[in-house]
Amino acid sequence: MTQGEMRQERSRGKGNRSAQLFALAGIVGPIFFVLMFTIDGWLSPDYSPLRQTVSSLGATEPNAWIQNSNFVVFGLLLLAFAVGFSRQMRAVLSREALRTSTLLLVLTGAGLVNDGFFTQDSVTTLHGLLHALGFLVIFASLIVALFLIGRQLSPIAAWRGYGWYSTITGLVTLGLLIISAFLADPLQLAGLFQRILAVEAFAWYVVMGGRLFALARAQTGPH
């Protein structure tokens with residue numbers, strides 16, 4: 001093997017390792033997020049996970065910093081995943097679809113970071129309005145991204161299952177948002193609806209991250 005080939009091999013190996021890290025961000029992020037808001041709820045004796053939203057933890061002292069930090073860390077991990085997604089899906093998605101879906105995934109992560117800095121103290125305050133805007137950006141961007149990615153992947157044999165999963169996740173997420181908008185407050189189950197929504201929607205990152213991690217790991221073997 002020539003020196004040039006050795007340099008290419010090392011460069012390829014570094015690229016595959018970084019791809020694995022970006023994919024891991026998508027796997028670890030949702031699990032960490034759910035674990036942390038669950039623990040934070042346990043630490044707040046007057047908090048009801050059935051009636052109160054996850055965001056309300058960020059406005060509940062003395063542990064508000066836990067959930068607000070959780071939003072920021074989770075958002076940053078999803079931003080890292082978006083970078084890896086953009087790199088690894090170049091040969092799979094069309095250029096326009098890749099750019100658009102990556103931008104939407106970036107907006108999802110940015111919305112979470114936003115909600116870590118602007119808490120849900122009241123919808124009548126600037127912080128509360130910005131937090132609500134962040135929530136809208138998170139799920140609106142993710143739903144559109146899921147439909148776009150699903151449409152692109154479904155015709156490809158090797159990705160067909162992931163394509164259908166993306167589309168179904170988008171539909172279920174949209175349905176849960178609509179149902180919760182009408183039923184969560186009357187039933188006093190806003191916390192339950194939001195937790196179902198979060199687990200269902202963000203599980204997509206775990207599934208897709210696992211797929212991208214496996215592909216990157218397979219490419220680290222000898223050539």
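The values are calculated or read from the model by the stated rules, or taken from the named source; none is laboratory data. Computed from a predicted structure; not experimentally measured. Methodologically, a virtual Cβ is constructed for each residue, glycine included, from the backbone with ideal geometry; neighbour enumeration extends over all protein chains shown. Quick note on the areas: whole protein, heavy atoms, side chains included, nothing else; ligands and nucleic acids left out. Shrake-Rupley method; radii C 1.70, N 1.55, O 1.52, S 1.80 Å.
Under a 5 Å amide H cut-off, with hydrogens placed 1.01 Å from N, GLN52 pairs with GLY191 among residues at least 5 apart or on other chains.
Could you give the alpha-carbon Rg of the stretch 163-219 over 2.2 N^0.38 Å, rounded to two decimals? The partial results should precede the final answer.
On the way: Rg = 14.8 Å, N = 57, 2.2 N^0.38 = 10.2 Å.
Taking N as the residue count of the stretch 163-219, the ratio is 1.45.
Using 0.36 nm per residue and subtracting the Cα-Cα separation, the extra length available between ILE178 and THR100 on full extension is 25.6 nm. The 3J(HN,Hα) values that the Karplus relation (6.51, -1.76, 1.60; θ = phi - 60°) gives for the stretch 193-204 are, in residue order, 4, 5, 5, 4, 4, 5, 5, 5, 6, 7, 4, 4 Hz. Gly and Pro appear as x.
For a protection proxy built on the mean count of beta-carbon atoms within 10 angstrom, sort 21-34, 176-189, 128-141 highest first, please. All intermediate terms of the calculation are to be shown ahead of the outcome.
Details: 21-34: 20.7, 176-189: 13.5, 128-141: 18.0.
Descending mean neighbour count gives 21-34, 128-141, 176-189.
Annotation: peptides 73-85, 94-106, 193-205, ranked by per-residue average of other Cβ atoms within 10 Å with the highest first, follow the order 73-85, 193-205, 94-106.
The candidates TRP164, TRP42, arranged from most to least accessible area with a 1.4 Å probe in the full protein assembly, appear as TRP42, TRP164. The residues of the chain expose, per residue, 52 Å² of accessible area to a 1.4 Å probe.
Approximating the spin labels as points 7 Å out from Cα along Cα→Cβ, the ARG90-to-LEU187 distance works out to 4.6 nm.
Per the Kirkwood formula applied to alpha carbons, the stretch 103-189 shows a radius of gyration over Rh ratio, Rg over Rh, of 1.09. Taking the Cα centre of the chain as the origin, how large is its charge dipole in debye, to the nearest 20, when only Lys and Arg (+1) and Asp and Glu (-1) carry charge on their Cβ atoms? Magnitude of the dipole: close to 1220 debye. What the phi angles of the stretch 98-115 give under the Karplus curve with 6.51, -1.76 and 1.60, with θ = phi - 60°, is a coupling list of 5, 4, 5, 5, 5, 4, 5, 5, 5, 4, 4, x, 5, x, 5, 4, 4, 5 Hz, glycine and proline written as x. Rolling a 1.4 angstrom probe over the chain with all protein chains present gives an accessible area of which 68% lies on carbon and sulfur atoms. In order along the stretch 87-95, the phi-based Karplus estimate (6.51 cos²θ - 1.76 cosθ + 1.60, θ = phi - 60°) of 3J(HN,Hα) comes to 6, 7, 9, 4, 8, 10, 8, 5, 4 Hz; Gly and Pro are listed as x.
Averaging the Cα positions of each part gives two centres, and for the stretch 162-187 and the stretch 101-115 these lie 19 Å apart.
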